[in-house]
Structure formats: C-alpha cells, structure tokens
Amino acid sequence: MKRFLFILFSISSLSLYAQSYTQKRNDLFNRTEYYDSNGRMIGYSKTNDLYSREEFYNSHGNLQYTEKWNDIYDRTEVRDRYGNIKATRSYNEIYDREETKDSYGNMNSYTKWNDIYDRYDKYDSYGNKVGSYEYNDIYERWEYDDY
C-alpha cells in the first residue's frame, strides 16, 4: 500500500511540474486570467467592445498586445502595444490547422486538434510538438503544457 501511494504521489507531482500555465475565466471582473504553474497570476485578457479586439495585460495592468479579427484578410492580427503587427493567425483548410505567422509571413507554429486525447497540440514550424492545450472539466479551465 505504501508503495502504491508513493508511486501515485510521484506521478502526480511530475504532472504538476510539467504544467506551464492555466487560463480561467473570472466573471466578477469580466476577464480571462492566466496563472503560472505555482498559481501566481501572470496576466489577464479583456474584450474591448469599442475597438472590437481582445487586449492582453501583464499582472501589473500594463497592456502587452492586442488581437483583432481582420475581415479583409480572413485572419487574426496580433499587435504590440504601439499598434505594429507582431504576428497573424489564420486557419489552413487544406491541412486542417491554425497557423501562426510572424510579421514577414514566415510560419512560426501551428495548432491542430487531437481527436484521440481531446486537446489541441501545438507544433513548431518544423513539425516538432512543443505543447498542448487541454480543457480541465473539474477546474473549468484551459491548461497548457510545454514539452
């Protein structure tokens, strides 16, 4: 019995260490909050209805970047706090994935749904798996794991 508890504890501690961050909706402040693996808030995002965009702030309340859908180019544009395009995200129907490109149009990464594990897997531009997003029904939050 002691051996079983030790194995269970060691596996659970390893799975907690691998977690990079979690995101959880805060209905009181009407925002989504991001936490590191130690439970400290590292930032939050809010929807700005006036500009029709999502704004991302660090834990001190400073604007870091914004995301807005571009109807003309059929993509999401990520802009820094000064309004310069940092990256774009668009859906590739041929490969059935969402691709992230830098401001020059070079692909940095892509995200694809994994039907077997019910999660999003993230890959770099070379096809190497770098992480995954999975929804935790118990805590009602998205969890991101780095590899």
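Lysine pairs in the chain with alpha-carbon atoms under 16 Å apart, 8 or more places apart or on different chains: how many are there?
Close lysine pairs under the 16 Å cut-off: 9.
As a check on your grasp of the helix formula, calculate [θ] at 222 nm for the chain: sum -39500 (n - 2.57) over DSSP H runs of n ≥ 4, divide by the residue count, round to the nearest 500.
Taken over the chain, the calculation gives -4000 deg cm²/dmol.
Could you list the square roots of 5 times each eigenvalue of the Cα gyration tensor of the chain, that is, the equivalent ellipsoid semi-axes, sorted largest first and rounded to whole Å?
31, 21, 13
Report the one residue of Ser109, Tyr139, Gly83 whose Cα lies farthest in the direction of the positive end of the charge dipole of the chain (charges on C-beta: Lys and Arg +1, Asp and Glu -1; origin at the Cα centre).
Checked the options; the winner is Tyr139.
Full-extension gain between Arg31 and Thr47, please, as 0.36 nm times their residue separation minus the C-alpha to C-alpha distance.
Length gained, Arg31 through Thr47: 5.0 nm.
Would you work out the relative contact order for the chain, in percent, from Cα pairs under 8 angstrom that are 6 or more residues apart?
The normalised contact order for the chain reaches 15 percent.
Pick from Glu33, Glu93, Glu54: which residue has the top mean-square fluctuation in a GNM of the chain where Cα pairs under 10 Å get a spring?
Glu93
Provide the solvent-accessible area of Ile138, counting protein heavy atoms only and rolling a 1.4 Å probe, rounded to the nearest 10 Å².
Estimated to the nearest 10 Å², Ile138 gives 150 Å².
Given a 1.4 angstrom probe, what's the average accessible area per residue across the chain, in square angstrom?
For the chain, the solvent-accessible area averages 75 Å² per residue.
Can you order the peptides 83-89, 97-103, 113-119 by their average number of other Cβ atoms within 10 Å per residue, highest first?
97-103, 83-89, 113-119
The values are calculated or read from the model by the stated rules, or taken from the named source; none is laboratory data. Quantities reported herein were computed from a predicted structural model and do not represent experimental measurements. Here the Cβ is made from the backbone with ideal geometry for all residues, glycine too, and neighbour counts use every protein chain on show. We work out accessible area using only protein heavy atoms, side chains counted, and drop any ligands, DNA or RNA first. Shrake-Rupley method; radii C 1.70, N 1.55, O 1.52, S 1.80 Å.
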